[in-house]
Structures are given as structure tokens and as C-alpha cells.
Amino acid sequence: MPHASFAMSPNWLTAAALQPAPVPEVWQWLFNQDSLTRRLTKLSANGFSVVPLLQGWAPLRDDECAVLGVAAGSSGWVREVYLCGHDQPWVFARSVAARSALEDSALDLAELGNRSLGELLFSDQAFARGELQVCRYPAAWLPSPDQQEGLWARRSSFSRGPLAVLVAEVFLPSFWPAAGVSLS
């Protein structure tokens, strides 16, 4: 699992702490509170799909453990997927949940298959979304074909009672032209 390596944790920042701010078009994608799945479905004119890369029980990264409120080195459910527009990966997403909280909940993430976790989280009114944070994602944490430094990522935690699901989304280089955003 080369993309699950434990590289140095990035500095996740809130909107208020992010300096310098990216261009407004990037900012809008990073800090929009709406469902990214729904936004990608609209952008792709219903050509949206989810390609699962891996899912199962695994050690969580220290930054994930801190957000989930569990001891460093704890295991949890890890799901990594590509969110695609017209079969082209636009976003790499990594979702994690602490083992104990997930096992005590009625949520079965193993049954998602090629369905979007975001759609599930946004359709269940019991989940409350935490504050969005962004960073430049470590290349070592990406699947090998996409290992590039400096890609914008965002994350937020979705909580329902004692269960928290941390969702990180990394915008791949192929996304920005499709969104009509120039990064140069």
C-alpha cells in the first residue's frame, strides 16, 4: 500500500488561517459546504462515477487519530476512491472512521461499493459536518500515478453521536481544467 505511507503530516488550515489565499475559483471549490459529489455530478453533466481503490481495517495516520479523538496508531476503517468525471479521476478521496465508533454504529461502510460516501453523509440529516480545513497534500499519501507535491486538499469530519467519519478530498491536476479554473 505505497499511497498509505506515513509521511510528515501536513499543516491543515481553516479558511481564516489560510494565507496566502488561493485564487477565488480555487477557494470556492475548497471551502464550499455543499456536497462535492453533487457538484461533481453537475460539473460532469451526470458523467460522475466512483472508482474504489481500497477499503478495510488499517492503521490510521496520526493526524486522523487526532481529529477522531483516538490514540495515535489506532486502527480504523479506511476507504480510498477516485471521484471521476467522464471516467477521468478528478479527486482522490480518503475517508476514515475509528474502529470502536464504527463497530458500535449501524453504518456499514463496507457495503458502499462504487457508491459515493458523500452522498450517504449528506442524505442522512443525523450527520453534522465540522469545519473545512485545507492543505497542500503530501505526494506520498497519493496513489502512485498521482504522486505530485502541492495538490490542494480539503477535509472535514461528519459526526453522528459518537461516530465521526473524516473525509479528505484531494483535487487532482485533471480536475481544474474540467472546472474551467486556471492555476497559473
*Dipole magnitude of segment 16-178 about its Cα centre (Cβ charges: Lys, Arg +1; Asp, Glu -1), debye to nearest 20*: 220
_Ignoring everything except DSSP H segments at least 4 long, calculate the 222 nm mean residue ellipticity for the chain; use -39,500 (n - 2.57) per segment, divide by total residues, nearest 500._
-5000 deg cm²/dmol
*Roughly how many Å is it from the Cα centre of segment 151-183 to that of segment 45-117, as a whole number?*
12
*Specify the residue with the greatest mean-square fluctuation among E25, E103, E111, computed from a Gaussian network of the chain linking alpha-carbon atoms under 10 Å apart.*
E111
_Cut-off 16 Å (backbone N to label point 7 Å along Cα→Cβ of Q147), residues of segment 79-104_ = none
_I want to check the label-to-label distance for R99 and D87. Put each point 7 Å from Cα in the C-beta direction and report it in nm to one decimal._
3.9
*Want the number for N46 to S159: 0.36 nm per residue separation, take away the alpha-carbon distance, what's left?*
37.8 nm
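Which number do you get for Rg(Cα) / (2.2 N^0.38 Å) in segment 16-178?
Details: Rg = 15.1 Å, N = 163, 2.2 N^0.38 = 15.2 Å.
My calculation over the Cα atoms of segment 16-178 gives 0.99.
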*Top mean-square fluctuation among A16, A139, A72, Gaussian network model of the chain, C-alpha springs under 10 Å?*
A16
_Built amide H within the under 5 Å cut-off of W90, gap 5+_ = L83, C84, G85
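Since every read-out is calculated from the coordinates, none of them should be taken as a lab result. Everything numeric here is computed off the predicted structure, so don't read it as measured data. Virtual Cβ from ideal backbone geometry, glycine too; neighbours counted across all protein chains shown.
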